[in-house]
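What follows is a short report on a single structure.
The values are calculated or read from the model by the stated rules, or taken from the named source; none is laboratory data. Values in this document were obtained by computation on a predicted structure and should not be read as measured data. Cβ placement follows ideal geometry from the backbone for every residue including glycine, while neighbour counts extend to all protein chains displayed. The protein model used for the area step is the full one, side chains on, heavy atoms only, and it has no ligands, DNA or RNA in it. Shrake-Rupley method; radii C 1.70, N 1.55, O 1.52, S 1.80 Å.
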Amino acid sequence: MTQFPKLLAPLDLGFTTLKNRVLMGSMHTGLEETKDWNRVAEFYAKRARGGVGLIVTGGMAPNREGGVFPGAAGLFNDQDIANHRVITDRVHENDGKIAMQILHAGRYAYGPECVAPSPVKSPISPFPPVELDEDGIEKQINDMATAAANAKLAGYDGVEVMGSEGYFLNQFLVTHTNKRTDRWGGSYENRMRLPLEVVKRVREAVGTDFIVIYRLSMIDLIPNGSTFDEVIELAQKVEAAGANIINTGIGWHEARIPTIATSVPRRAFSWVTKKLMGQVGIPVITSNRINTPEVAESVLNDGCADMVSMARPFLADAEFVAKAADGRAAEIAPCIACNQACLDHTFSGKISTCLVNPRACYETELVVGTTDVAKTIAVVGAGPAGLSAALTAAERGHNVTLFDAADKLGGQLNMAKQVPGKEEFFGLVDWYNTMVARADIDLRLGQKADVDTLRGFDEVIVATGVQPRDPQIDGQDGDNVVDYIDVLRHKVTVGKRVAIVGAGGIGFDVAEFLAHGPESLVEDLDAWKRNWGVGDPEQQRGGVAPEGPQPDAAAREVVLLQRKAEKAGKRLGKTTGWIHRADLKMKGVKTLTGVNYERIDAQGLYISFGEARENPQLIEVDTIVLCAGQVPERGLADELISAEITPHVIGGADVAGELDAKRAIDQGTRLAATL
Ligand code: NAP
Ligand code: SF4
């Protein structure tokens, strides 16, 4: 008997049956734009082999003006159709099913040709959209229907019409973006006309026996969004127009409420999808912050949906479903919802991958093959760099011994997990424990490896990490000065008024740790919703609480400082930095930039501004926390080199600047793939 009977149950759509209730949600990876069709095909085929019920591709543009960015991929001609055949054939050979998402970005398209119902510029794009006339609207509908017909010619099992997240179809639905007074605007009937016409014409273009999913925004999280009555009416009419499945969209991209970041509680929006259950006769899918089979099963058990969509978890682990089905759920590499290697890459024009799994989207490039010669390999340091090197080397058939002076593995991940909103790191550390035990690695915790210990190994990998940088501020040896490690490890008492020296990733983490109380919002959905102003879409349009965000009072008064004059937090993740900045603002955390640190005494921290460093002013605080960056811990590496043993140095021990778990894991994996 499986632990996940609901999740693994087939879903009969009448003309076809999905083998389980797991949809791999659409993600823009950038793979299609590489035009390396073997690489794209292998990415999807690996997920098909991993047992997912239905894959949805990244969004394909129906035409140039609707592409998310200039040059966005789509099925525009016979060659495109032939290229996509490579993908669909490979997925089918691996017993999978795949639908192509048709994504018209409307005013979110990053280009001067973008079109929309009305010329209302989006706050997240510099380009004002061109208002469509009748002919223009007809062209968009026709192009979307043609894209669906081409998807069928390319061998796809279906299409998903992207109608949520504030894209083109969504822009017609609400008065926030639709100011028209003709038959495409005004009344709700008129505003629904375009999405319904698209579904109808898509269905006509593909005939019966072809999956048509409609992704419907169930809670817009913007002013003047849809009411839930409107959502239900739209869903019923989408069904009547020919859709087979309704998928859930949560929040427009311009919404200032986080919807998928790690600080969003798991399954935070399944209650919204549940409201649609029983209102339509076709299956309903829910999504957002579902990242384990246990959570997915609970969502189905609670009657929130017929099927579950997960996207990023399939970057973290292509075998998610197969492992769940085999009773190996603990071996599923967890998506920690960090966005660091997926969405942050997309928004930087880079190919997506995964912090936890650097092989994602590099299936044909980063190949971990079995070794011809099994070596003895010592890895010193069981943080993310050392762990990924050890696991990859062991997977290849090497004999690995993993040392760490600490009594548990995980290194700095153990600090990160203390930060409110970063609880997913607990799951990541648990996963490493499971995988190290399973890989038969000789784990030597509590053992500081020295040169003598390491003599005799064929290869030595040094992953000893970092040390805090000493900012050398006059008076920093006082009792009121502590470093971030002791704070995050709960080793010191921190007063009610705090100054934080350094506003990098760790300075922000520490500020959140100190400004929040001991209870994490991640564990309390109602408190999280209050904090961000998420309302009930049955009561308030778009689910925006009229009273706005209602954060609890801060646990401490915090001042965050940096020497650079730039905005604090500018270098945080592209898609998550705003959440950290907003969170600190709500907690009343002050940021001071362009400062000079003059000295510290029992009263607090003295700072000045400008080159002249005149008139130092006192920031009166009880505790000063040093978060001034990090430097490599290279002691062991240097000793080994002196003893004529040449180590491989990775992670923070190699380069500390801009180190994060993404780089550490990537470097460890790539090194071990070559040994
Ligand atoms: P960091 O991001 O490089 O920030 C170091 C901070 O210390 C900066 O604010 C810097 O600003 C300041 N600083 C540098 N030298 C100083 C000195 N001599 N005296 C006083 N202040 C000094 O490093 P981190 O905060 O230690 O984080 C380490 C790594 O982990 C980073 O790569 C970070 O991105 C990553 N991380 C990321 C996240 C995330 O949310 N994605 C969270 C935690 C950590 P000034 O030089 O302007 O004063
Ligand atoms: Fe998940 Fe982070 Fe990997 Fe993206 S990079 S898939 S958010 S773990």
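Please compute the modelled spin-label separation between TRP271 and ALA555, points set 7 Å along Cα→Cβ, answer in nm with one decimal.
The modelled label-to-label distance comes out at 2.4 nm.
Would you mind checking which residues have amide H under 5 Å from VAL159's amide H? H placed 1.01 Å from N; only 5 or more apart, or other chain.
MET100, ILE211, VAL212, ILE213
Once the piece of chain linking ASP526 and THR16 is laid out straight, how much longer is it, given 0.36 nm per residue of separation minus the C-alpha distance between them?
179.7 nm
Sorted by accessible area (1.4 Å probe), largest first, how do LYS422, LYS19, LYS496 line up? Before the final figure, lay out each step's value.
Values: LYS422 45, LYS19 80, LYS496 135 Å².
Result of the area sort, largest leading: LYS496, LYS19, LYS422.
May I ask you to derive the FRET efficiency for THR181 and GLU620 from their Cβ-Cβ distance with R0 = 51 Å, giving the value to the nearest 0.05? Each step should come with its number before you reach the end.
Values: r = 59 Å, r/R0 = 1.16.
That pair, THR181 with GLU620, gives E of 0.30.
Mind listing the Cα extents of the stretch 556-675 along all three principal axes, in Å, largest one first?
55, 36, 28
Take the Cα atoms of the chain, build their convex hull, and give its volume per residue in Å³. Can you show the working numbers first?
Values: hull volume 111.6 nm³, N = 675.
About 165 Å³ per residue, rounded to a whole number.
Keeping every protein chain present and rolling a 1.4 Å probe, give me the accessible area per residue for the stretch 411-522 in Å².
Values: 5150 Å² over 112 residues.
It amounts to 46 Å² per residue over the stretch 411-522.
From the residues LEU675, GLN550, ALA637, which one has its Cα farthest along the dipole of the chain in the positive direction, the dipole being from +1 and -1 charges on Cβ of Lys/Arg and Asp/Glu about the Cα centre?
It is GLN550.
Can you tell me how much longer the chain between ASN38 and GLU189 gets when fully stretched, taken as 0.36 nm per residue apart minus their C-alpha distance, in nm with one decimal? Numbers along the way, then the final one.
Working: separation 151, 0.36 × 151 = 54.36 nm, distance 4.48 nm.
This chain segment gains 49.9 nm when fully extended.
Please give the peptides 217-225, 186-194 ranked by average Cβ packing (other Cβ atoms within 10 Å per residue), highest first, as a rough proxy for protection. Kindly include the intermediate steps, with their values, before the conclusion.
Working: 217-225: 24.2, 186-194: 17.1.
The densest-packed peptide leads the list: 217-225, 186-194.
Taking all pairs of distinct Cα atoms, average 1/r, flip it, and tell me the Kirkwood hydrodynamic radius of the stretch 61-145 in Å to one decimal place. Before the final figure, lay out each step's value.
On the way: mean 1/r = 0.0708 Å⁻¹.
About 14.1 Å, per the Kirkwood formula over Cα pairs.
Scale the Cα Rg of the stretch 105-210 by the rule-of-thumb value 2.2 N^0.38 Å and send over the ratio, two decimals.
Numbers: Rg = 14.0 Å, N = 106, 2.2 N^0.38 = 12.9 Å.
The value comes to 1.08.
By how many nm would the segment from GLN3 to ASN301 grow when fully extended, if each residue of separation counts as 0.36 nm and the alpha-carbon distance is taken off? Let's see the in-between values first.
Values: separation 298, 0.36 × 298 = 107.28 nm, distance 1.21 nm.
Full-extension gain reported as 106.1 nm.
Looking only at the stretch 482-503, which residues have a backbone nitrogen under 13 Å from a spot 7 Å from the Cα of THR593 in the C-beta direction?
503
Could you list the residues of the stretch 645-671 with an amide nitrogen less than 13 Å from a label point located 7 Å from the Cα of ARG469 in the Cα-to-C-beta direction?
656-659, by backbone N distance to the label point.
What accessible area per residue comes out for the stretch 209-274, rounded to a whole number of Å², with a 1.4 Å probe? Mind dumping the intermediate values first?
Details: 1730 Å² over 66 residues.
With the other protein chains kept in place, the stretch 209-274 gives 26 Å² per residue.
State, to one decimal in nm, how far the label point of LEU153 lies from the label point of ASP95, with both points 7 Å from Cα in the Cβ direction.
So the two model labels end up 3.3 nm from each other.
Using all C-alpha to C-alpha distances in the stretch 1-56, build P(r) with 5 Å bins and read off the rounded percent in each one.
Result, from short to long distances: 4, 17, 21, 21, 15, 11, 8, 3, 0 percent.
Just check the stretch 303-348 against the gyration tensor rule for me: Cα atoms, a ≥ b ≥ c as the square roots of the eigenvalues, rounded for a/c under 1.5, and otherwise prolate or oblate depending on whether a/b exceeds b/c.
Numbers: a/c = 2.88, a/b = 1.50, b/c = 1.92.
Verdict is oblate for the stretch 303-348.
Using the Karplus equation 6.51 cos²θ - 1.76 cosθ + 1.60 (θ = phi - 60°), what ³J(HN,Hα) coupling, rounded to whole Hz, does each residue of the stretch 403-414 give in order, writing x for Gly and Pro?
Rounded to whole hertz, the list is 9, 8, 5, 6, 8, 9, 8, x, x, 5, 4, 5.
Given points 7 Å out from each Cα along the Cα-Cβ axis, report the ARG497 to ASN399 separation in nanometres with one decimal.
6.2
Amide H neighbours of LEU443 under 5 Å, at least 5 residues apart or on other chains, H built in the peptide plane: list them.
Counting only residues 5 or more places away or on other chains, the set is LEU402.
May I ask you to rank ARG203, ARG670 by accessible area, largest first, using a 1.4 Å probe over the protein chains only?
ARG670, ARG203
Which value, in debye to the nearest 20, describes the size of the charge dipole of the chain about its Cα centre when Lys and Arg Cβ atoms bear +1, Asp and Glu Cβ atoms bear -1, and nothing else is charged? Could you put the intermediate results ahead of the total?
On the way: 71 positive and 89 negative charges, 178 e Å.
Approximately 860 debye in magnitude.
Which percent of the accessible area of the chain is formed by carbon and sulfur heavy atoms (probe 1.4 angstrom)?
Details: 12560 of 26390 Å².
Here carbon and sulfur together make up 48 percent of the probe-accessible area.
Using a 7 Å offset from Cα along Cα-Cβ at ALA439, what residues in the stretch 339-363 end up with backbone N under 16 Å from the label point?
Taking a point 7 Å out along Cα→Cβ of ALA439, the residues of the stretch 339-363 whose backbone N falls under 16 Å are 355-360.
Determine the order of LEU391, LEU454, LEU153 by accessible area, beginning with the largest, at a probe radius of 1.4 Å. Please list the in-between numbers first.
Details: LEU391 30, LEU454 0, LEU153 105 Å².
Of LEU391, LEU454, LEU153, the descending order of accessible area is LEU153, LEU391, LEU454.
At what distance in angstrom do the alpha carbon centres of the stretch 1-71 and the stretch 438-486 lie from each other?
42
How big is the dipole moment of the stretch 38-157 about its Cα centre under a simple scheme where the beta carbon of each Lys and Arg is +1, that of each Asp and Glu is -1, and everything else is neutral? Debye, nearest 20, please.
Details: 12 positive and 15 negative charges, 134 e Å.
That gives a dipole near 640 debye.
Hey, how many Å between the Cα centroid of the stretch 251-326 and the Cα centroid of the stretch 580-648?
40
Could you state the accessible area per residue of the stretch 8-162 in Å², with a 1.4 Å probe and every protein chain left in place?
Values: 5530 Å² over 155 residues.
Per residue, the stretch 8-162 has 36 Å² of solvent-accessible surface.
Report TYR108's accessible area, 1.4 Å probe, all protein chains in place, as a number in Å² to the nearest 10.
20
Against the empirical 2.2 N^0.38 Å scaling, what ratio does the C-alpha Rg of the stretch 125-279 come to?
On the way: Rg = 15.7 Å, N = 155, 2.2 N^0.38 = 15.0 Å.
Against the compact-globule rule of thumb, the ratio is 1.05.
When the gyration tensor of the stretch 494-582 is built from Cα positions, what are the square roots of 5 times its three eigenvalues, in whole Å, from largest to smallest?
28, 17, 10
Karplus couplings for the stretch 664-674 from phi (6.51 cos²θ - 1.76 cosθ + 1.60, θ = phi - 60°), rounded to Hz, Gly and Pro as x?
4, 5, 4, 5, x, 5, 5, 4, 5, 5, 9
Can you say what percent of the DSSP beta bridges in the chain, counting only those with both residues inside, are antiparallel? Round to 5. Could you put the intermediate results ahead of the total?
Details: 16 of 77 bridges.
If I count the DSSP bridges inside the chain, around 20 percent turn out antiparallel.
Evaluate E = 1/(1 + (r/R0)^6) for GLU131 and ALA582, where r is the Cβ-Cβ distance and R0 equals 30 Å; express this FRET efficiency to the nearest 0.05.
Numbers: r = 32 Å, r/R0 = 1.07.
E(calc), rounded to 0.05, equals 0.40.
Using a 1.4 angstrom probe and counting only protein chains, how large is the accessible area of ARG489 in Å², to 10?
110
Over the stretch 615-675, with a single point scatterer placed on each C-alpha, what log10 of the ratio I(q)/I(0) does the Debye formula yield at q = 0.14 1/Å?
-0.58
At a temperature of 20 °C and a viscosity of 1.002 mPa s, determine how fast the stretch 407-544 diffuses translationally according to Stokes-Einstein, using the Kirkwood radius over alpha-carbon pairs as Rh; express D in µm²/s, rounded to the nearest whole number. Before the final figure, lay out the partial values.
On the way: Rh = 18.9 Å.
The calculation lands on 113 µm²/s.
Using only protein heavy atoms and a 1.4 Å probe, report how much of SER520 is accessible, in Å² to the nearest 10.
Accessible surface of SER520 is approximately 20 Å².
Please list, in chain and number order, the residues 5+ apart from ALA341 or on another chain whose amide H is under 5 Å from its amide H, with Hs placed from the backbone.
The list, which skips near neighbours in sequence, is LEU355.
Calculate, for ASP479 and THR370, the FRET efficiency according to 1/(1 + (r/R0)^6) with r their C-beta to C-beta distance and R0 51 Å; round to the nearest 0.05. Please list the in-between numbers first.
On the way: r = 56 Å, r/R0 = 1.10.
My answer for the efficiency is 0.35.
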